[in-house]
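Visitor: I have a structure here, written as structure tokens, and I will follow up with some questions on it.
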Amino acid sequence: KKLPSRYVLSPFPAFLAVISRLCGGFHPAVVAHTIFPPVFILLAYLVLFLYARVFFEGKIKEQGIFLMLCAVILWFSGYSVYNSEIFTMGRIWQGKAALAGVFLPLLFLLCMEILMQEKPKYPWSLLFLTNGACCLFSSMGIMLAPLMMGVFLLLSLVRFRSLKRLWKGIVCCLPSLVLGALYIVAF
């Protein structure tokens, strides 16, 4: 009857309930274990593909080899419940697993490409939206996303000595900063 306070600021279970209702009223457990895994695993591979494009720019064959090696590592790393690969392949329907397997790697890539490059390939708005998405998957995203972005902002400040980039980065951190402040004050 009462919604736990941790789900107020990170509403992934509510998102699951809405998607299960939109999928014809299937039980949320059915949606979580049959529909979410292919979607989030596909997103994880798309993020790995973006990494391959950064690491091996213009080398299609090397990008394919990189993706195959990543796939093999993900497929055969289920030997323990404590490694990060099991989050992606074994528990991807959970918000914290989607955060760890998809959205934090995407945020790291965007920080490398936007904050650490002279001319970013991606728009700053994508960094803002990814930071907000990290917050909505898990309460850990409220802390981890601004922490990661803060490190990159400091590195960017040292590298470029630009206060404009610093302010843009702080604006991109606003979703997690606002939710973090709400979490501390309200709960």
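The values are calculated or read from the model by the stated rules, or taken from the named source; none is laboratory data. As the structure is a prediction and not an experimental result, all values here were calculated from the model. FYI the Cβ positions are ideal-geometry reconstructions off the backbone, even for glycines, and counts take in every protein chain you see. Side chains included, ligands, DNA and RNA excluded: accessible areas come from the protein's heavy atoms. Shrake-Rupley method; radii C 1.70, N 1.55, O 1.52, S 1.80 Å.
Visitor: Cβ-Cβ distance below 8 Å, separation of 6 or more or different chains: which pairs start in segment 68-82 with a residue that is touching a residue at least 12 places away in the same chain (Cβ under 8 Å) and end on one that is among the β-branched types (Val, Ile, Thr) and in a helix (DSSP H, G or I)?
Guide: Between residues of segment 68-82 that are touching a residue at least 12 places away in the same chain (Cβ under 8 Å) and residues that are among the β-branched types (Val, Ile, Thr) and in a helix (DSSP H, G or I), the close pairs are 74/88; 77/86; 78/86.
Visitor: On the basis of being within 23 Å of residue 128 (Cβ to Cβ), more than 16 Å from the chain's Cα centre (by Cα) and not aliphatic (A, V, I, L, M), does residue 53 make the cut? Steps first, answer last, please.
Guide: Details: within 23 Å of residue 128 (Cβ to Cβ): yes; more than 16 Å from the chain's Cα centre (by Cα): yes; not aliphatic (A, V, I, L, M): yes.
So residue 53 passes the test.
Visitor: Going residue by residue through segment 153-172, is there one that turns out to be at pLDDT 90 or above and closer than 20 Å to residue 19 by Cβ?
Guide: First pass over segment 153-172, keeping only residues at pLDDT 90 or above: 153-172.
Cutting the leftovers down to closer than 20 Å to residue 19 by Cβ gives us none.
Within segment 153-172 (the criterion being at pLDDT 90 or above and closer than 20 Å to residue 19 by Cβ), the answer is no, since none of the residues qualifies.
Visitor: Among residues belonging to segment 5-38 that are in contact with a helix residue (DSSP H, G or I) (Cβ under 9 Å, 6 or more places away or on another chain) and among the β-branched types (Val, Ile, Thr), point out the one that is farthest from residue 141 (Cα to Cα).
Guide: Among those that are in contact with a helix residue (DSSP H, G or I) (Cβ under 9 Å, 6 or more places away or on another chain) and among the β-branched types (Val, Ile, Thr), it is 30.
Visitor: Further, regarding this structure: Restrict the check to segment 152-162 and report whether at least one residue is touching a helix residue (DSSP H, G or I) at 6+ places or on another chain (Cβ under 8 Å), assigned to a helix (DSSP H, G or I) and among the charged types (D, E, K, R). Steps first, please.
Guide: Restricting attention to segment 152-162, the residues satisfying the condition of being touching a helix residue (DSSP H, G or I) at 6+ places or on another chain (Cβ under 8 Å) are 152-153, 155-157, 162.
Add one more test, that the residue is assigned to a helix (DSSP H, G or I), and what stays is 152-153, 155-157.
The next check asks that each one be among the charged types (D, E, K, R); those that pass are none.
Scanning segment 152-162, I find no residue that is touching a helix residue (DSSP H, G or I) at 6+ places or on another chain (Cβ under 8 Å), assigned to a helix (DSSP H, G or I) and among the charged types (D, E, K, R), so the answer is no.
Visitor: Follow-up. Mind checking whether some residue in segment 46-66 is touching a residue at least 60 places away in the same chain (Cβ under 8 Å), open to solvent by 30 Å² or more (accessible area, probe 1.4 Å) and either among the β-branched types (Val, Ile, Thr) or under 25 Å from residue 143 (Cβ atoms) (or both)?
Guide: No; the residues of segment 46-66 include none that is touching a residue at least 60 places away in the same chain (Cβ under 8 Å), open to solvent by 30 Å² or more (accessible area, probe 1.4 Å) and either among the β-branched types (Val, Ile, Thr) or under 25 Å from residue 143 (Cβ atoms) (or both).
Visitor: Can you tell me which residue in segment 124-172 is surrounded by the most Cβ atoms within 10 Å (Cβ to Cβ), limited to those that are free of Cβ contacts under 8 Å to residues at least 60 places away in the same chain and of a type in the set (S, T, N, Q)? Before you say what the answer is, go through the steps one by one.
Guide: Pass one, segment 124-172, residues free of Cβ contacts under 8 Å to residues at least 60 places away in the same chain: 124-134, 140, 143-172.
Of the ones still in play, those that are also of a type in the set (S, T, N, Q) are 125, 130-131, 156, 162.
Values: 125: 10, 130: 23, 131: 27, 156: 21, 162: 11.
Selected residue: 131.
Visitor: Turning to a different aspect of this structure: Restricting to segment 173-187, name every residue that is in a helix (DSSP H, G or I) and either loosely packed, with under 14 Cβ neighbours inside 10 Å or at pLDDT 90 or above (or both). First the steps, then the outcome.
Guide: Residues of segment 173-187 in a helix (DSSP H, G or I): 174-186.
Once the filter is applied, which keeps residues that are in a helix (DSSP H, G or I) and either loosely packed, with under 14 Cβ neighbours inside 10 Å or at pLDDT 90 or above (or both), segment 173-187 yields 174, 175, 176, 177, 178, 181, 182, 184, 185, 186.
Visitor: While we're here: Would you call residue 8 assigned to a helix (DSSP H, G or I) and surrounded by fewer than 17 Cβ atoms within 10 Å (Cβ to Cβ)? Reasoning before the result, please.
Guide: Details: assigned to a helix (DSSP H, G or I): yes; surrounded by fewer than 17 Cβ atoms within 10 Å (Cβ to Cβ): yes.
Yes, satisfied.
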